[in-house]
Amino acid sequence: MATITPDTQIDIGHNDDPNSNYLTSSRGFLSWALTLDHKRIGVMYLVGIFGAFFLGGVLALLLRLQLLMPEGTFSFISLDRYNQLFTLHGAVMTFLFIIPSVPAALGNFVLPLMVGAKDVAFPRMNLASFYLWVFGAIFFLIALVTTQLDTGWTFYTPYSIETQTNVIAATCGAFILGFSSIFTGLNFIVTVNTMRPPGMTWFKMPLFMWAIYATAIIQVLATPVLGITLLLLTAERVLHIGIFDPSMGGDPVLFQHFFWFYSHPAVYIMILPGMGIMSELMSVYSRKPIFGYTFIAYSSIAIALLGFLVWGHHMFVSGQSPMSAVIFSGLTFSVSIPSAIKVFNWVATMYKGNINLATPMCYALSFIFLFSIGGLTGLFLGALATDIHLHDTYFVVAHFHYVMMGGTVIAFVGGLYHWWPKMFGVMYNEFWGRVFCAVVFIGFNLTFFPQFIMGSQGMPRRYATYAPEFQLYHDLSTIGALTLGIGMVGAIAVLVISLFNGRKAPANPWGAATLEWTCTSPPPYYNFEHAPHVGSPYDYTGLKYDPQVGGYVRDPNAAPASESGH
Amino acid sequence: MAHITGLDMHSILADTLFFPPERSTFAGDVDGLFNFIYYLCLFFFVLIIAAMTYFAIKYCARPGHSEKPSPSHNESLEITWSVIPSILVGVIFFYGFTGYLNMREAPEDAYEIQVYAKKWQWSFKYPNGAETTELHLPAGKPVKFLEQSADVLHSFYIPAFRIKMDCVPGRYTSTWAIPNATTGSGISIDGHQPYHLFCAEYCGQQHSQMRALVYVHEPAEFEAWAEKEANFLETKPPAEAGAILFQRKGCVQCHSVTGDRSTKYLGPPLNGQWGTERDVIPRGSSTPEKVMMDENYVRESIRQPMAKIVQGRKPGMTVFTPSLLNDKQITAIIAYLKSLKDEK
């Protein structure tokens, strides 16, 4: 390894050189459209994903406003229209937004930098993955503007066989998006396995990498099952092969098994990267090594593997045998333990720290609050006797929004605030960042907490109209959703505005010890001029704040990173 | 209600926030488990958030404060907080699954109601033949719901009973409950405060309107209601009502109405016979005699089938006592038999 001197390690000198920056190294549409640079692909994903998030969010607000009145608020939203709205909200949020959110946008940008590499293992496959995402999104838009899909994002048979809406366009979209996800996962597995620099052993990897790695395993193993299932569904509709259609001797419950065999592991595709971000944020902003590194790393792998064995808990009242329901319930509880361990470890990391309540840390603390509620309410659903009552009610809706939105999306936005200075080289307004974090937090709880209550009171999900006694909870939820919408738009606006008037970001504004902070902000096209020195990812002893730079620099006189960093 | 303690009061408050009233014998168990998990979760949630808040305030970055070294892992602490939650979720699993098995196995003597789900309506068929679109149940008796779907997936959900089961096309599913309180008194639904029955599995356009009401009666009143509901004799022309009874009471299995004299039918054909004479062998006799098929002959043949056996047939018909077939029903069947013409 080349000798590392302090000022090549933090490439301050190159910040002024426009050619050293990946954003400015080349210009023109094609330089982006045909780029193989993981950072540009990550940025393109980020833009696309936020487009999908915005669309899904608008659909959600329409749903919530419609539910202000028991018989519906707007006359232009018919029963059919409502069913289409919730289907598209779910499908867009799941397939276009949350599955690719952290891995494809932040993971693409950060992962190669974290391993000190120039790019991912297969840059062309990475670009192909992005274009598959775009094509998948186009198919979804076709389903949206032509006949309007109304099956729910779950495509349950036999309804999805007989509905007149464009199921085939949507399943093609989901099929293509599946390959996009597989390509990303495969890329990351190979990158982590083969491209780690000398000195970065498995247990010296940042925990974000562990999380992305565990996610990638699920993406590669589970997603093909979704592809096959959706192809079978298409074959059922077009060729009437009679595998799911009961009128031809098929079994509609088989579809649910196939579907959830992918879609349950898929919820870990969604949450694991969020947990990875959390491990980074909690450590950096507490200025303490992560507590219980090994347990957190193993728990990611445990979640990835156990996640494959619990799909039947979506089907406790579907008609599957009581024996399989009991087994799936038991396995479901086993997967709750690794998540609990992570939460305890994150909180313990704060002990005796020096906690910087910057915006990303505010999101991280929100995550702990919301994810704890989301995780704990899973216990009610994993227990068979209570699930019989709560299944397919708003309790479930609230539970998975607390995990998926309160967990993944909050971690995603927190991670975005954390890496934003690295990605675009600008600092955002810290005050407004925190304000909108608070608005999101309040709006989120107001939206989804009342849904727990109305769910346990018996309000079924996917209802366009409802019994009047549930109106109070629906109205609270709608007010919350509007607040949440304002908060989210504000949070994104703070970031976008910073692009125009943000203070120039130093290489390492937060004092983080992972490798991506050793290159300039934004990184040069080739990421690292010299191979960076690999230390412990959570050892902050040598990093000192330098007011002149506005960020942290490694003290050249500090003792070398200790080996017992975790 | 004089013996409500503070704890009971507390759980009643929690119940009214989170649950509809408990109206089946399962509901108490389900809510009990729910409350157990609820307080457990509350404990851990408060613990986590209190620790987080305390640390965030105590160790907040400020001039003069810096991080202090502390161990970055602690095996025994980490094993403790892995093992204790594992034990607790084991307990939750155990109660969840024993409660669930109780909900799956209906007692042998349960009153069975057939539930038919189709887009977007429920219909219920009772053992006495009554059919309704709202659900009526006897209080205090186990009731089994045998579910079928005519088209897509539906789900039979009564929140007040805490039961739910999908209706799957092409197979039977079932669930059961013992309603533990009536919704009101009287056979008529006036004055009842019924429970909701929802379709809980998305089934297309009018999914949210696939609802029904559940009425629970005193057992005696339920009998009366079911009798009245099944009593289509009052409402239909006698011949039509008789045709329904002829099917439903099983007459059709042994008596042809198309003139089929083969041994496929144990009894003689009954069409075109009204007012004609036939050869019968009276009980205790061995010589045939002629008898006219009229009202009294039919009535006698139903109440005492062995009294006169048509020549060439074996005695073997069920004795229809008044509890199996009452006089009004016999009158309707007679009207039906009168209407049956000879096959060309």
Kindly check whether there is at least one residue in segment B:76-92 that is without any contact (Cβ under 8 Å) to a residue 12 or more places away in the chain, of a type in the set (D, E) and either in contact with a His (Cβ under 7 Å, 6 or more places away or on another chain) or within 30 Å of A:F203 (Cα to Cα) (or both).
yes
The correct count of residues that are among the aromatic types (F, W, Y) and out of contact with any strand residue (DSSP E or B) (no Cβ under 9 Å at 6 or more places or on another chain) in segment A:512-543 is 4
Taking segment B:196-210 and keeping only residues that are more than 9 Å from every other protein chain (Cβ to nearest Cβ) and modelled with pLDDT under 95, one is left with B:M210
Scanning segment A:345-383 for residues that are buried (at least 24 other Cβ atoms within 10 Å of the Cβ) and among the aromatic types (F, W, Y) gives A:W346, A:Y363, A:F367, A:F371, A:F380
If you go through A:I368, A:I337, the only one that is part of a helix (DSSP H, G or I), of a type in the set (V, I, T) and modelled with pLDDT of 95 or more is A:I368
The residue from A:V190, A:V253, A:V220, A:V267 that alone is more than 24 Å from the chain's Cα centre (by Cα), assigned to a helix (DSSP H, G or I) and of a type in the set (A, V, I, L, M) is A:V253
Inside segment B:149-167, the number of residues satisfying the requirement of being farther than 25 Å from A:Q457 by Cα and either surrounded by fewer than 24 Cβ atoms within 10 Å (Cβ to Cβ) or within 8 Å of another protein chain (Cβ to nearest Cβ) (or both) is 3
Residues in segment B:38-73 that are within 30 Å of A:A383 (Cβ to Cβ) and more than 7 Å from every other protein chain (Cβ to nearest Cβ) total 9
Checking B:V319, B:V291 in turn, the sole residue that is without any contact (Cβ under 8 Å) to a residue 60 or more places away in the chain, exposed (fewer than 13 other Cβ atoms within 10 Å of the Cβ) and hydrophobic (A, V, I, L, M, F, W, C) turns out to be B:V319
Of the residues in segment A:457-503 that are of a type in the set (A, V, I, L, M) and surrounded by 21 or more Cβ atoms within 10 Å (Cβ to Cβ), the one that is nearest to the other protein chains (Cβ to nearest Cβ) is A:A464
Condition set farther than 19 Å from A:Y428 by Cα and more than 9 Å from every other protein chain (Cβ to nearest Cβ), scope segment A:350-369, selection nearest to the chain's Cα centre (by Cα): answer is A:F367
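Please verify whether segment A:509-524 includes one or more residues that are of a type in the set (G, A, S) and assigned to a helix (DSSP H, G or I).
No, the conditions are met nowhere in segment A:509-524.
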Within segment A:282-298, of all residues that are under 16 Å from A:K204 (Cα atoms) and more than 9 Å from chain B (Cβ to nearest Cβ), the one surrounded by the fewest Cβ atoms within 10 Å (Cβ to Cβ) is A:Y298
Exactly one of A:S339, A:S334 is within 18 Å of the chain's Cα centre (by Cα) and among the hydroxyl-bearing types (S, T, Y), and that residue is A:S339
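Is it fair to say A:F86 is within 23 Å of A:T229 (Cα to Cα) and in contact with a helix residue (DSSP H, G or I) (Cβ under 8 Å, 6 or more places away or on another chain)?
yes
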Only unsatisfied item for A:S160, checking (1) hydroxyl-bearing (S, T, Y); (2) outside any helix (DSSP H, G or I); (3) touching a Leu at 6+ places or on another chain (Cβ under 9 Å), is (2)
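How many residues are in contact (Cβ under 8 Å) with a residue 12 or more places away in the chain and either touching a Pro at 6+ places or on another chain (Cβ under 9 Å) or in a loop (DSSP other than H, G, I, E, B) (or both) when one looks only at segment A:237-250?
Count: 5.
Does segment B:125-132 contain any residue that is more than 7 Å from chain A (Cβ to nearest Cβ), in a loop (DSSP other than H, G, I, E, B), under 16 Å from the mean Cα position of the chain (by Cα) and of a type in the set (F, W, Y)? Working first, answer last.
Of segment B:125-132, the ones more than 7 Å from chain A (Cβ to nearest Cβ) are B:125-132.
With the extra rule that they be in a loop (DSSP other than H, G, I, E, B), the set shrinks to B:126-130.
If we keep only those that are under 16 Å from the mean Cα position of the chain (by Cα) too, we end up with B:126-130.
From what is left, the residues that are of a type in the set (F, W, Y) are B:126.
There is at least one residue in segment B:125-132 that is more than 7 Å from chain A (Cβ to nearest Cβ), in a loop (DSSP other than H, G, I, E, B), under 16 Å from the mean Cα position of the chain (by Cα) and of a type in the set (F, W, Y).
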Condition set of a type in the set (A, V, I, L, M, F, W, C) and more than 8 Å from chain A (Cβ to nearest Cβ), scope segment B:27-37, selection nearest to A:I373 (Cα to Cα): answer is B:F36
* Asked: Quick check, is A:G485 on the phi < 0 side of the Ramachandran plot, among the small types (G, A, S) and at pLDDT below 90?
  -> no
Checking A:F400, A:F344 in turn, the sole residue that is assigned to a helix (DSSP H, G or I) and either within 16 Å of A:V284 (Cα to Cα) or within 10 Å of chain B (Cβ to nearest Cβ) (or both) turns out to be A:F344
So is A:M323 surrounded by fewer than 24 Cβ atoms within 10 Å (Cβ to Cβ) and not basic (K, R) or not? yes
Picked from segment A:306-333 (must be more than 8 Å from chain B (Cβ to nearest Cβ), without any contact (Cβ under 8 Å) to a residue 40 or more places away in the chain and in a helix (DSSP H, G or I)), the residue farthest from A:G535 (Cα to Cα) is A:M323
The residue from A:F74, A:F86, A:F29, A:F53 that alone is of a type outside the set (K, R) and modelled with pLDDT of 95 or more is A:F53
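Residues to consider are B:I189, B:I163; find the one that is within 20 Å of B:D31 (Cα to Cα) and aliphatic (A, V, I, L, M).
B:I163
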Note: among B:G90, B:G170, just one is within 13 Å of chain A (Cβ to nearest Cβ) and at negative phi, namely B:G90
Scanning segment B:216-242 for residues that are surrounded by 21 or more Cβ atoms within 10 Å (Cβ to Cβ) and within 17 Å of the chain's Cα centre (by Cα), the one farthest from the other protein chains (Cβ to nearest Cβ) turns out to be B:A226
(message) Among the residues in segment B:99-119, are any modelled with pLDDT of 90 or more and touching a His at 6+ places or on another chain (Cβ under 8 Å)?
(response) yes
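The values are calculated or read from the model by the stated rules, or taken from the named source; none is laboratory data. All values derive from a computational prediction rather than experimental measurement. Every residue, glycine among them, receives a Cβ derived from its backbone with ideal geometry; neighbour counts consider all protein chains shown.
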